[in-house]
1. Restricting the search to region 76-85, which residues are touching a helix residue (DSSP H, G or I) at 6+ places or on another chain (Cβ under 8 Å) and either buried (at least 20 other Cβ atoms within 10 Å of the Cβ) or free of Cβ contacts under 8 Å to residues at least 40 places away in the same chain (or both)?
2. Could you grab the pairs with beta carbons closer than 7 Å, sequence gap of 6+ or different chains, first residue in region 55-73 and closer than 20 Å to S121 by Cβ and β-branched (V, I, T), second one open to solvent by 10 Å² or more (accessible area, probe 1.4 Å) and not in a helix (DSSP H, G or I)?
3. Report, by residue number, each residue of region 30-68 that is part of a loop (DSSP other than H, G, I, E, B) and open to solvent by 50 Å² or more (accessible area, probe 1.4 Å).
4. Go over the candidates H116, H76 one by one and state the one that is at pLDDT 95 or above and under 32 Å from the mean Cα position of the chain (by Cα).
5. Which of the residues that make up region 214-236 are more than 23 Å from Q104 (Cβ to Cβ) and either open to solvent by less than 80 Å² (accessible area, probe 1.4 Å) or small (G, A, S) (or both)?
6. So for region 86-104 (the condition being touching an Asp or Glu at 6+ places or on another chain (Cβ under 6 Å) and open to solvent by less than 30 Å² (accessible area, probe 1.4 Å)), does at least one residue qualify?
7. For Q157, work out the one condition from (1) at pLDDT below 80; (2) surrounded by 10 or more Cβ atoms within 10 Å (Cβ to Cβ); (3) under 31 Å from the mean Cα position of the chain (by Cα) it doesn't fulfil.
Amino acid sequence: MPSLLDKLNVLVKSSLNNFLDEAGNKLPVPRVPANRLGKDVDKEIAALRQQIDSALSAEDAMQQRLTEMQQQIDLHDRQIDAALQVNDDANARLLAQQMQHLQQQTTMAQSELEQHRRSTSDLIEHVNMLDSMVADAHHAQESSSAETLESPVESDQSPETALSSLLRDARQQVEDTVNAVIPPAETSQPQAQAVHIKIQTEADSIPPKPDNTIKVDEAKVDEDLTKRRTRLSKPD
């Protein structure tokens, strides 16, 4: 199931592409007049920057969780050898099962982190493009004549076609997804944005609870224990 970050990324990319297609802009570096951006475009880009910050924080949490999992694997590895050295086969098997389970979780978590990083990188690229477009449009506006600066938005440029409106709609769709998880009634209005960011972080972080859907391969456990017994039986 796609994460909220993936959904936001897809919607932002789609909004940007739709806007450029509508504007008939096919340049490698898109250029649009300032009056096509919408008055809230800076606000919408700032909101996307907050999501990027949230995604990066989530990645830090995911990496920390991976580090902790690897430390636990290393501990189990030492504990299995110690148990075998005192002929505690039952405990050695239990520890080997737990270690294999944790190794599978770590592999899955690493894959999730790599996917999350790719999604974050894509979002950063899109937001940087938006920043560049807006900066270029503002610069062109400042360099234009007073007549151009004071010219009204043409009648065929409705608010729905403004870039800020498309970005706001994309963000709203993601927020609606969040509200489907946590009803708005449970959150006071001043805290709405903070909860949105918090949910984004938690949704993309590694679950700390064990995944009961992972099955231990007993044959691999037997193979691991056999190799360890052989190694430990050899004189130093």
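The values are calculated or read from the model by the stated rules, or taken from the named source; none is laboratory data. None of these values were measured; they are calculated from a predicted model. Here the Cβ is made from the backbone with ideal geometry for all residues, glycine too, and neighbour counts use every protein chain on show. To get the accessible areas, we keep the full protein, side chains included, count just its heavy atoms, and leave off ligands, DNA and RNA. Shrake-Rupley method; radii C 1.70, N 1.55, O 1.52, S 1.80 Å.
1. Answer for region 76-85, where residues must be touching a helix residue (DSSP H, G or I) at 6+ places or on another chain (Cβ under 8 Å) and either buried (at least 20 other Cβ atoms within 10 Å of the Cβ) or free of Cβ contacts under 8 Å to residues at least 40 places away in the same chain (or both): H76, D77, Q79, I80, A83, L84.
2. Nothing qualifies.
3. Of everything in region 30-68, those that are part of a loop (DSSP other than H, G, I, E, B) and open to solvent by 50 Å² or more (accessible area, probe 1.4 Å) turn out to be R31, P33, K39, D40.
4. Only one candidate qualifies: H76.
5. T230, L232, S233
6. yes
7. (3)
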